[in-house]
Structure formats: C-alpha cells, structure tokens
Amino acid sequence: MTRSLRVAVVGSGPSGIYAADSLTSQTDIPIAVDVIDKLPVPYGLVRYGVAPDHLSIRSVRNTLEKVLDRPEVRFLGNVEVGRDVSIDQMRQFYDAIVLTYGAASDRRLGIPGEDLFGSIAATDLVNWYCGHPTADRAAIEAALANVQSVAVIGVGNVAVDVTRVLLKEPSELDYTDMPQHVLDALAASDITQVYLIGRRGPAQATFTTKELRELGELEAVDVVVDPVDVVLDPVSAAAAEGDRAISRNVEVVREWSQRESGAKAKKLHVRFYGKPIDIVGDDRVESIIIERTALDENGNAVGTGGTETIPVQLVIRSVGYRGLPLEGVPFDTDRAVVPNDEGRVVANGSPVPGLYVAGWIKRGPSGIIGTNKKDASATVASLLADADVLPEAPDASVDAVTTWLAEHGVEAITYAGWQAIDAAEMALGATRGRDRTTIHDTDQLIALATS
Ligand SMILES: Cc1cc2nc3c(=O)[nH]c(=O)nc-3n(C[C@H](O)[C@H](O)[C@H](O)COP(=O)(O)OP(=O)(O)OC[C@H]3O[C@@H](n4cnc5c(N)ncnc54)[C@H](O)[C@@H]3O)c2cc1C
C-alpha cells in the first residue's frame, strides 16, 4: 500500500473543495487534506461571485460544507499562500499541493477614459455587493451616487447579474444575504437606464437563457431591443440553427424586440453590434462612444465607422476575469493560467513534482460551478497516479503547519471558526427576517472566528 499523504489545496472555492472531496472519497490511499484560503471564510466565488438573489445556486455551499466537515479535511482560512507562507515552505509540510486559487482579476477594455472616475470593473461591483472583505466600499458607493444611466459592457452571465442587481427594486433584493449597507445604497440609487452592450450579435453572446430571460421579467423594467439587431447574418443564422442554447437566446431577444414600448420606471436597453471606443468625461464619466460593428465571415466584430454617443455616468466593464501568477509557480502570461498537463503543473516542458492545479486557474475563467467538479477529479486522478513517486514532506505531522503559521504571526481560521462566523451571519440575517446577512469586515470576521 502507498504511504499516507498530506495534501494542501490552495483555495476553498468549488474547485478546491471538489479536489478535497475527490482526495478523501477514495479508499486506496489514506490522505489528509488542508484546504487553505486567504480569506477567513470558505467557498470562493460561490460566496463572492454567484449573484445573491440566486439563492438556489448559492445553496451549493451546503454541499461544499459537507466536504469541509469531514474528519480528513481541515480548513485553514486567513492564510494567503505567497504572502503568509511560500510554496517552497509548504513543501516542508505537504507531500503534494493542489493549486485552486481561481482568477480574481479582471480584463480591461484598453480604450481611452477607462480610468476615469465612474468607470469600474464588474469584479469590483460584484465584490462590493457580495460583501467581499477587500471590496472598496467607499469607491463603489461614490461611483454609484448621482448616477441615472449606466453602460454595462459585455454579454456574459456576469454582465447579466450586474444589470439585474442594479435594476431590481429594493423589495426584489430584500431577501438576499447582501450586507445592509449594500441594500441601502442600491435602494437609494437613482439608476433608471441601463445599456447592456455587446460587440457582436445575440447569437454570439455567452449568457445562459435562464439568466437572460430573467432580465425581461423584472418588476419595474421595460426591455428595449432594436429589431434590426435580431436580423441574423448567415454566420449567426447557421450558429443558431446548430445550437439549441444559441437559438433560445436569440428567441428571447427577438421577443423583447417585438414588445410594445412600456411605461415602467426603468429601461434596459440591450444593444448588440456595439464596440466601446471611448469613455468620455472631464472629472468623471459623462458618456461612452460606441462604434457600430458588423460580423466578418469568421464571425469577428469589425468596426463600420458609424458611432453613437450614449450619455452615462457609470461604465461597468464585464469582459472577463483573469488569473494572476503566484510566486514560485510557473505561469502562462498569455492565457493567464498555470501551465499543466492533465492537472500536473509543468515547467519547461516537465511536470513539477508534487504540484497540481485545478479550476479557473487551470483552464481559465469559464464554465459553471459543476464544471469544476469534473476538472478537480481529473487533477486528483493524476495526483493519485503519481502517489508512489511524490516527494516526501520532511515534516508532515498534523500540527507542523499550524505551529509554523502561529510562530510566524499568522492566525489561521479553522472550520470551527468559520462555523462561528456562519452562525453570526444567520443570527444577523434573522434580525431582519432573512436567512443570512453577509458580514463584510475582515476584523469582525476574524474576531468572530477566534473569540
Ligand atoms: C460574478 C460571477 C458569478 C457567477 N455565477 C455563477 C452562477 O450563477 N452559476 C455557476 O454555476 N457559476 C457561476 N460562476 C462561476 C463559478 O463561480 C466558478 O466556476 C467557480 O467559482 C470557479 O471555482 P474556483 O475554485 O476555480 O475559483 P474561486 O471560486 O475563485 O475560488 C478561488 C479561491 O482561492 C482563494 N485564493 C486566491 N488566492 C489565494 C492565495 N494566494 N492563497 C490562498 N487562497 C487564495 C480565493 O480566496 C478563493 O476562495 C460565477 C462567476 C462569477 C465571477
């Protein structure tokens, strides 16, 4: 039988927890797993990405929790790998390390005016409304103040989430776990016009139909679509014909384009074939210039020269997340992922012994939560296949890492600590008849977990 192993999983998002699940569900090799996260709380984007008004999707945390609750799995929160402990140091304590640290940064548009006050990344807005401890609350709330019109750039599910949250009535958000200051700021918002802008047509957009359809069902919002945008060119028509998901999306947008103009208080203008070329303003965003595009024979958007200026006071770019390098780990800067072969991290064409990768930082920021389950088990299968040749950790005793962290001034938060936070959030939510209210302040989270 192979010796028992101690494995570190870096990141407690879905891919990290699914990796811990695969490692501890098998019975061939005894494996103890530490799931390490830089935040005091687990679940990654399930807590800090998935829209708070989508309770059923967020409830996947109940499934993830069962893994953290296993005796072979230990949660160590508030430990940032690369800052509090290096990968090299971790090799003292672990026979293998699985990197699942996600893709937390954002892509940029690369156009003038992108750094003006009032131009923000969807990542930052999402972090704020989910109560992420590092969200810049003052900056986001300042950017939202006195805004009537918003441009959301991008036509994926994150753009749809952001648009929906900004347009919902306070009563449509009241049941969520958003921090109270977020609910208050959204309730006080003057936003009545949102322009959701995509460079290509409805057949190329990446939203899922269920999320898209929801936009057309909001209580106080009329959706406006130019019927011209639903006339498909041959490339798009062929794409829609061969793919049910695409044809359903096109149908939803077509139905919107046929709606009578409504009298609701807010308008959502869904604009296709529009490429942002300039964000304009002196001290803050005043408008955005969009160039009309057409698709070439490969389905790429090409500028036609015609432009439109849309008056907006806030621009939210939602054009993708991006992975960041971690010190001591190879990184593919072009793809912004950790290079790997079936989950084995690769440097100069050879696998790095004992180092593995899964989730968004392995394959890039795409796919739904469930995609990470298959992905993480594939990586774990590689690790298990290597079990006999893994480098042996010099000190794999259970307390070695926690002692080292304590000696270096790092206060690791355990699963019991997380449970204390969990209970406090549910109690806070109950004071207003909600299931939970997210606590956003790092010091408060740590105090709750360690008191
Ligand atoms: C805004 C948004 C909404 C989404 N909505 C949905 C949805 O409705 N349905 C759906 O199926 N999917 C949704 N997704 C996709 C889903 O969230 C991802 O597929 C999934 O979270 C990726 O999992 P991951 O574990 O790879 O990364 P993450 O979930 O990002 O987890 C990474 C973890 O690593 C930690 N970490 C980062 N760096 C370090 C470090 N140096 N040391 C220690 N820990 C570190 C982070 O704190 C985080 O907890 C959404 C994504 C976003 C961005």
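Evaluated over the chain, the count of Lys pairs having alpha-carbon atoms less than 26 Å apart is 21 (only pairs 8 or more residues apart or interchain).
A full extension of the chain between ASP184 and GLU172 corresponds to an added length of 3.0 nm, given 0.36 nm per residue minus the alpha carbon distance. Looking at region 291-330, the accessible area is 49 square angstrom per residue; that uses a 1.4 Å probe and ignores ligands, DNA and RNA. Since only ALA203, SER247, VAL98 are under comparison, the one whose Cα sits farthest along the positive direction of the charge dipole of the chain, derived from C-beta charges on Lys, Arg, Asp and Glu, is SER247. Rounded to the nearest 0.05, the FRET efficiency derived from the C-beta distance between ALA430 and HIS54 at R0 = 22 Å is 0.55.
Using the alpha-carbon positions of region 1-90, Rg (one decimal) and Dmax (whole number) come out as 13.9, 48 Å. Under the simplified labelling scheme, the ALA387-ASP341 pair shows an inter-label distance of 2.3 nm, with each label point 7 Å from Cα along Cα→Cβ. Accessible surface calculations at 1.4 Å, restricted to protein heavy atoms, place region 210-262 at 56 Å² per residue.
The magnitude of the dipole of region 246-346, with charges of +1 and -1 set on the Cβ of Lys/Arg and Asp/Glu and taken from the Cα centre, is near 580 debye. The distance from the alpha carbon centre of region 111-131 to that of region 247-272 is 26 Å, rounded to a whole number.
Sorting the segments 332-339, 44-51 by their mean number of nearby beta carbons within 10 angstrom, highest to lowest, gives 44-51, 332-339. A helix-only calculation puts the chain at -9500 deg cm²/dmol for mean residue ellipticity at 222 nm, using -39500 (n - 2.57) for each DSSP H run of at least four residues, averaged over all residues. Put +1 on the Cβ of every Lys and Arg and -1 on every Asp and Glu Cβ in region 56-173; which of ALA122, ILE57, ALA135 then has its Cα farthest towards the positive end of the dipole? With unit charges placed on the Cβ atoms, the residue in question is ILE57.
Only four residue types carry charge here, +1 at the Cβ of Lys and Arg and -1 at the Cβ of Asp and Glu. Report the dipole size of region 126-203 about the Cα centre in Debye, rounded to the nearest 20. Display every interim value, and only then the final one.
Working: 5 positive and 9 negative charges, 94 e Å.
So the magnitude is around 460 debye.
Only protein atoms count toward the accessible area here, which uses a 1.4 Å probe; on the chain, the carbon and sulfur part of that area reaches 51 percent. Taking the charge dipole of region 1-49 about its Cα centre, with +1 at Lys and Arg Cβ atoms and -1 at Asp and Glu Cβ atoms, the residue from LEU39, VAL10, THR27 reaching farthest to the positive side is LEU39.
At a 10 angstrom cut-off on C-beta neighbours, averaged per residue, how do the peptides 246-257, 364-375 rank from highest to lowest?
Working: 246-257: 18.8, 364-375: 17.0.
So the peptides 246-257, 364-375, ranked by packing, come out 246-257, 364-375.
Using only Cα atoms, what Kirkwood radius does the chain have, in angstroms? This gives a value of 23.4 Å. The spacing between region 363-388 and region 154-214, judged by their C-alpha centroids, is 31 Å. Only protein heavy atoms count here; under a 1.4 Å probe, GLU141 has an accessible surface of about 50 Å². Using Cβ point charges alone (K and R +1, D and E -1), the dipole size of the chain about the Cα centre works out to roughly 720 debye.
On the beta carbon distance between ALA447 and ASP136, with R0 = 30 Å, the FRET formula returns roughly 0.90. A 1.4 Å probe run over region 95-208, with the rest of the protein chains in place, finds 32 Å² accessible per residue. Using R0 = 41 Å, the C-beta based FRET efficiency linking GLU407 and LEU116 works out to 0.30.
The values are calculated or read from the model by the stated rules, or taken from the named source; none is laboratory data. Just so it is clear, the model here is predicted, and its values are computed rather than measured. No Cβ is skipped: glycine too gets one built from the backbone with ideal geometry, and neighbour counts run over all protein chains shown. Please note that ligands, DNA and RNA were not included when accessible areas were found on the heavy atoms of the full protein model with its side chains. Shrake-Rupley method; radii C 1.70, N 1.55, O 1.52, S 1.80 Å.
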